[in-house]
Amino acid sequence: MNGTSLTSDFKHWVKQGNSVTILIVINIVIFLIFALSDFVSAAGSSAIGAFLYDNLSLHTLPSILIRKPWGMITTAFTHTYIWHILGNMLIFFFFGNLFRSELGNKRVVPLYLLSGLLCSFVLVLFYNLLPGLRGTDTTGIGASGAVMCFLVAAATLMPNLEIAIFFIINVRIKWVAAAIVLIDLVSLPHNNNFGGHIAHLAGAAFGYLYVRQLQQGRDLVAPISRFFDWAGGLFTEKEPAARKFKPKKSPLRVVRNNEPSHASRLDQLLDKINEKGYNSLTSEEKSWLRKYSDEK
């Protein structure tokens, strides 16, 4: 034993400020609430799980959706089966952190929300335009669409990065993403999970579009990021302005070294990478970081 409890390890994990971690925790908490509600219902209480599902899932029938519009977002945080959430969260943990390492922490939550909303919109559109599906109230849950967005976004950002499949063979992630998209395409006519495949493809398309637009200087999630910054500022206490102090003149001349210490500058650069991604560093900052690493 190392002297730390599971609770303290969990708190440290969350306090690191990794948005991918925070989103995974939210998904797990909602899943556990469903699991607990199933246990209570089995004990003879009211069907709490059915109530939660009805109010957190996406409804494709407009007359119901207009009464529960929040389902467009909450569906991306809702899972009821262990293998469903396990698969989604494992993929999101890996590809979400790849995305975060390149483009920074601030873009993770806005992209997750926007991609989830877009997948819901596309799903509602399909179920109300296709003649064979029109008029039916289909419900959908799961983070698969948003997860696919991060998978394809990461593959678009670093297509030649290799990952080990089953710890046996190294494959470039662009081929992993292409294979998963192809599976969804060929499964559309032969699978009862039509809505799931549509959401996957919508998320994949948006992940690719987002990165391509960002490379051209247009950040599609910037308005959401600015809103979060504004909202966060409302709950942040402003430090009182320090009173100006004029020291008495001294005949002695003090010479200060304005160069920050190595440790201080390293912390500043690491914070910048965490917030905005490695590519936000200037060439001088990247050079300094490489030089510092070599010295170590």
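Please find, within the range 187-210, the residue that is surrounded by the most Cβ atoms within 10 Å (Cβ to Cβ) out of those that are under 18 Å from residue 153 (Cβ atoms) and touching a Gly at 6+ places or on another chain (Cβ under 8 Å).
Filtering the range 187-210 down to residues under 18 Å from residue 153 (Cβ atoms) leaves 199-210.
Adding the requirement that they be touching a Gly at 6+ places or on another chain (Cβ under 8 Å) leaves 199-200, 202-203.
On the way: 199: 31, 200: 27, 202: 22, 203: 28.
Out of the qualifying residues, it is 199.
Selection of the range 132-142 for residues being open to solvent by less than 30 Å² (accessible area, probe 1.4 Å) and hydrophobic (A, V, I, L, M, F, W, C) yields an empty set.
Of the residues that make up the range 44-56, is at least one buried (at least 18 other Cβ atoms within 10 Å of the Cβ) and within 30 Å of residue 274 (Cα to Cα)? No - not one qualifying residue is present in the range 44-56. Residues in the range 229-243: is at least one part of a helix (DSSP H, G or I), at pLDDT 70 or above, under 30 Å from residue 154 (Cα atoms) and of a type outside the set (Gly, Ala, Ser)? Yes, that holds for at least one residue. Taking the stated definitions as given, is residue 96 open to solvent by less than 20 Å² (accessible area, probe 1.4 Å), in contact (Cβ under 8 Å) with a residue 60 or more places away in the chain and either among the β-branched types (Val, Ile, Thr) or part of a helix (DSSP H, G or I) (or both)? It is true that residue 96 is open to solvent by less than 20 Å² (accessible area, probe 1.4 Å), in contact (Cβ under 8 Å) with a residue 60 or more places away in the chain and either among the β-branched types (Val, Ile, Thr) or part of a helix (DSSP H, G or I) (or both). In the range 109-125, the count of residues that are assigned to a helix (DSSP H, G or I), touching a residue at least 40 places away in the same chain (Cβ under 8 Å), closer than 12 Å to residue 20 by Cβ and touching a Ser or Thr at 6+ places or on another chain (Cβ under 9 Å) is one or more.
Pick out the one residue from 117, 113, 129 that is open to solvent by 50 Å² or more (accessible area, probe 1.4 Å), at pLDDT 95 or above and of a type outside the set (Ser, Thr, Tyr).
Values: 113 fails: open to solvent by 50 Å² or more (accessible area, probe 1.4 Å); 129 fails: at pLDDT 95 or above.
Result: 117 is the single residue among 117, 113, 129 that is open to solvent by 50 Å² or more (accessible area, probe 1.4 Å), at pLDDT 95 or above and of a type outside the set (Ser, Thr, Tyr).
Only one entry in 62, 69 is modelled with pLDDT of 95 or more and surrounded by fewer than 22 Cβ atoms within 10 Å (Cβ to Cβ), namely 69.
Please state which of the following conditions residue 79 fails to meet, knowing it meets all the rest: (1) within 16 Å of residue 199 (Cβ to Cβ); (2) part of a helix (DSSP H, G or I). If we test residue 79 against (1) within 16 Å of residue 199 (Cβ to Cβ); (2) part of a helix (DSSP H, G or I), just (2) comes out false. Among residues of the range 264-288 that are under 20 Å from residue 211 (Cα atoms) and at pLDDT below 75, those with a beta-carbon under 7 Å from a residue that is outside any helix (DSSP H, G or I) and among the small types (Gly, Ala, Ser) at least six positions away or on a different chain give the pairs 275/104; 276/104; 277/104; 280/104.
Scan the range 210-221 for residues that are assigned to a helix (DSSP H, G or I) and touching a residue at least 24 places away in the same chain (Cβ under 8 Å) and jot them down.
Step one: list which residues in the range 210-221 are assigned to a helix (DSSP H, G or I), which gives 210-215.
Within the range 210-221, 210, 211, 212, 214 meet the criteria.
For the range 143-169, filtered to residues that are surrounded by 14 or more Cβ atoms within 10 Å (Cβ to Cβ) and among the polar types (S, T, N, Q), the residue that is nearest to the chain's Cα centre (by Cα) is 144.
Residues in the range 170-186 that are surrounded by 15 or more Cβ atoms within 10 Å (Cβ to Cβ) and farther than 16 Å from residue 153 by Cα: 184 alone.
So which of 169, 85 ends up being modelled with pLDDT of 95 or more and of a type in the set (A, V, I, L, M, F, W, C)? Quick ask: steps written out before the conclusion?
Values: 169 fails: modelled with pLDDT of 95 or more.
After applying the criteria, what remains is 85.
The values are calculated or read from the model by the stated rules, or taken from the named source; none is laboratory data. Values in this document were obtained by computation on a predicted structure and should not be read as measured data. Methodologically, a virtual Cβ is constructed for each residue, glycine included, from the backbone with ideal geometry; neighbour enumeration extends over all protein chains shown. Keep in mind that these areas ignore ligands, DNA and RNA; they rest on the heavy atoms of the full protein, side chains included. Shrake-Rupley method; radii C 1.70, N 1.55, O 1.52, S 1.80 Å.
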